[in-house]
Every structure is written in C-alpha cells, then in structure tokens.
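Presented below is the structure to which this report refers.
The values are calculated or read from the model by the stated rules, or taken from the named source; none is laboratory data. Here the structure is a predicted model, which is why all the values come from computation and not from measurement. Cβ placement follows ideal geometry from the backbone for every residue including glycine, while neighbour counts extend to all protein chains displayed. Accessible surface is based on the protein model in full, side chains and every heavy atom, while ligands, DNA and RNA are left aside. Shrake-Rupley method; radii C 1.70, N 1.55, O 1.52, S 1.80 Å.
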Amino acid sequence: MTLLPSPREHLTCPTTVAAVRIQNAVLAATRETLTAKGFTELLMPIVGPVTDPGIRGSKQVDVDYYGHKYRMMTSAILYKQASLLAFDKIFCIAPNVRLEPLETASTSRHLAEFRQIDVEMAGASRADIMGVAEDVVRASVRKVVTELPGELEELGRDAGAFAELLGSPFGTMTHTAAVETLRELGHPQSADAEIDWRAEVILSGKVSGPFFVTDYPKGCRGFYDRESAEQPGVLRNFDLLAPEGFGELASGGEREFEYQKLILRMRETGENPAKYGWYLNLAREGLPASAGFGIGLERFVRYIAGLDEVWQGTPYPKIPGVVSP
Ligand code: AMP
Ligand code: MG
C-alpha cells in the first residue's frame, strides 16, 4: 500500500511546488496555443446520465441525482462531440473520476481522479489532430524550459531531455509494428489487444522523443473511435507515448458519428444503446465528423518534471485505494 505524506508535508514540499508551477505553465501554453488556432474553451459537466464506458478495468462512480442514477464523468467524449454542433473547434480541461483497480496503485501512473486536456475539431482527420496534439505538447514543454529553469533544476530534471521533442517531428509507428518490436524484445504482446502499461514502458524506454502509435485493433477501444473504411477491424486512432519509459500521455483519433454505426459499435463493445438516449438522439439528427484527443494532464506534468510517481505532481492526489483528502 502506498503511503502518502500528510497534506501539509505534500503541499509544501519543494517537489510539489515546482511540479504545480509546471502544471500551471502547461495549462497557460495549452490555452495560448489552442486559442491562437481558433479553439473555444468549454466547461464540461461533472455528472451526467451516462459517461465514457471505454475505461478498461476501472469502475464508474454513481451519483444519486434526484432519484436518477447519474455518473461522475470518466471522460468528456460525449459532450465533446455534442459541442461541435455549435463550435467547430473546442477544448476543455475536464476532471475525470475512475476507480482504477487496486493493483494500479503501484504503476506510478494511475490516479483515481485526474484531468485531461481534451480537444475536438469538426471535419478534422487523424493527421490534422495529431498535428494539434504535437503543437500543444511542444508549446507546453517550450514554455517550461524557457520560463521555469529554476523549477526544472529543483526537480533535478535536465532540460536536455527535451532536445528531440523541441527540435524534431514526433515519430509514428502502427500498432502492428509496435507488436513486432515488443515481441523482438521478448514481451508477449497480442496482435489484437491493447498495449498494456508494462509494454508501453518498454517501448517508451527505447526512444528519446515522444511518438505516436496508430491503428489499434477494434476490440481494445470504445465505440467512439472510428473504424477504418479501408481496413475493417482497424481504428483510425492513436496514442501518444512519452520517451524515457514514461509511457502513454494521450489517446485520440477520428470519431464515429453516424447513428447506425454508433449503435452497432455500442452493441459490439457490450454497451446498451438505450442508456445513451441524449447522445444518440443528437447523432440521429446529425453530429459532425470530427477527430480529437485527450492528454492526461498529471501524466504530462510527471513526464516534464521527471517525477517517479504521477501523484507527486498534483496538489491533492487520489491514489487508487488510498484514503486521502
Ligand atoms: P484514456 O481515455 O483512458 O485514453 O485516457 C486519456 C488520457 O488520460 C490517457 O492518455 C492518460 O494520459 C490519462 N489517464 C487515463 N487514465 C488515467 C489515470 N487513472 N490516472 C492518470 N491519468 C490517466
Ligand atoms: Mg488511452
């Protein structure tokens, strides 16, 4: 069981203070970058009748909403797609609650409560939105490196670690190529499954800059990642992995938006379409095609700050299974 320092010790610890200043710079750079590209920031709901079901292994939190069973948001995906009815380019810094399994308390990268920098753009292709993700990550790291050298020094983080990120385009490999690489490295990775966090750490430990993994097989993602028309069974999605073993920073992709296909994909993924009334009603009347992504804010800060544990970078951390304020 992970033991957290007391709230006073944690909040006043120089590591926490430096990491929170980095988080602040990331949020400022994200807002500057996206606003300059014409994105509008929306404030998203915290509870709702239904939320993102694509949260492998973790549990949703129920809320009694005047006698109706509502849920804490596990991601903003449904509202992101809906918001495009009024705004072509949106983003939000949205809180997510996921009761992750107890064994994730020791992965260094799971919290039960975290935030995503969540972006969605109508009419965008996967390549378009990967470009936006790359710009947000690069602008955030550049701001930290230029404006917070003292904080990086306090954390013992060498700014040289970001040379490739700041200077070169991010790499890309397909899920199939990632599976081959993992097998060559002796990790038994299934070709039709999610790349688990241990495998991600292996892949991520081999490189010195962030890279995208694209084209995940259908079985391992939620109904909203759009299936390729040319390659059935393959999704038009991606993950962004940080180097140095830090693993996944973001997930994204083109979205399914067609009513009939959404129903089909919900059924395939074991979801009951009847639960998604408000969202499916919008889809039936027409939702825009779009692509988007979500960057885990605390994981991003962990990477920039070079922290051993994701909870070290957040002022009021919730580690799975650990009772805390
Ligand atoms: P997902 O929808 O699961 O891909 O989550 C989107 C992003 O949020 C991931 O790429 C991570 O950076 C972050 N994330 C997901 N789950 C957690 C968690 N339990 N704790 C901290 N960050 C998370
Ligand atoms: Mg993911």
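What the table shows:
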read-out	value
1 or more residues hydrophobic (A, V, I, L, M, F, W, C) and open to solvent by less than 20 Å² (accessible area, probe 1.4 Å): qualifying strands (runs of 3 or more DSSP E) within the range 50-155	89-97, 113-122
Any hit, the range 58-65, residues being among the small types (G, A, S) and within 23 Å of F257 (Cβ to Cβ)	no
From G306, G292, G313, residue being away from ligand 1 (no atom under 15 Å from the Cβ) and either open to solvent by less than 20 Å² (accessible area, probe 1.4 Å) or under 30 Å from L148 (Cβ atoms) (or both)	G306
Any hit, the range 106-121, residues being without any contact (Cβ under 8 Å) to a residue 12 or more places away in the chain and over 15 Å from T30 (Cβ atoms)	no
Residue check for R255: touching a helix residue (DSSP H, G or I) at 6+ places or on another chain (Cβ under 7 Å), within 16 Å of ligand 1 (Cβ to nearest atom) and open to solvent by 60 Å² or more (accessible area, probe 1.4 Å)	no
Pairs, first over 14 Å from T15 (Cβ atoms) and of a type in the set (V, I, T) in the range 288-312, second in a strand (DSSP E or B) and within 13 Å of ligand 2 (Cβ to nearest atom), C-beta under 6 Å, six or more apart	I295/L249; I295/A250
Pair list, Cβ under 6 Å, 6 or more apart: the range 241-255 residue without any contact (Cβ under 8 Å) to a residue 12 or more places away in the chain and under 14 Å from Q116 (Cβ atoms), other residue aliphatic (A, V, I, L, M) and within 9 Å of ligand 1 (Cβ to nearest atom)	none
Residues of the range 168-211 that turn out to be farther than 16 Å from A242 by Cβ and either surrounded by fewer than 19 Cβ atoms within 10 Å (Cβ to Cβ) or at pLDDT below 95 (or both), as a count	18
Close pairs from the range 32-47: first under 14 Å from L84 (Cα atoms), partner in a strand (DSSP E or B) and open to solvent by 50 Å² or more (accessible area, probe 1.4 Å), Cβ under 7 Å, at least 6 apart	G38/K89; F39/K89; T40/K89
Checklist (1) more than 14 Å from ligand 2 (Cβ to nearest atom); (2) part of a helix (DSSP H, G or I); (3) not polar (S, T, N, Q) applied to G186, failing item	(2)
Qualifying positions in the range 212-246 - near ligand 1 (Cβ under 10 Å from one of its atoms) and modelled with pLDDT under 95	R221, G222
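Condition check ((1) out of contact with any helix residue (DSSP H, G or I) (no Cβ under 6 Å at 6 or more places or on another chain); (2) buried (at least 17 other Cβ atoms within 10 Å of the Cβ); (3) touching a residue at least 40 places away in the same chain (Cβ under 8 Å); (4) not β-branched (V, I, T)) across all residues:
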site: V213; (1), (2), (3), (4): no, yes, yes, no
site: P217; (1), (2), (3), (4): yes, yes, yes, yes
site: G222; (1), (2), (3), (4): yes, yes, yes, yes
site: S228; (1), (2), (3), (4): yes, no, no, yes
site: Q231; (1), (2), (3), (4): yes, no, no, yes
site: N237; (1), (2), (3), (4): yes, yes, yes, yes
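Yes or no, residue by residue, for (1) modelled with pLDDT of 95 or more; (2) polar (S, T, N, Q):
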position: E32; (1), (2): yes, no
position: L42; (1), (2): yes, no
position: R56; (1), (2): no, no
position: V61; (1), (2): yes, no
position: D64; (1), (2): yes, no
position: T74; (1), (2): yes, yes
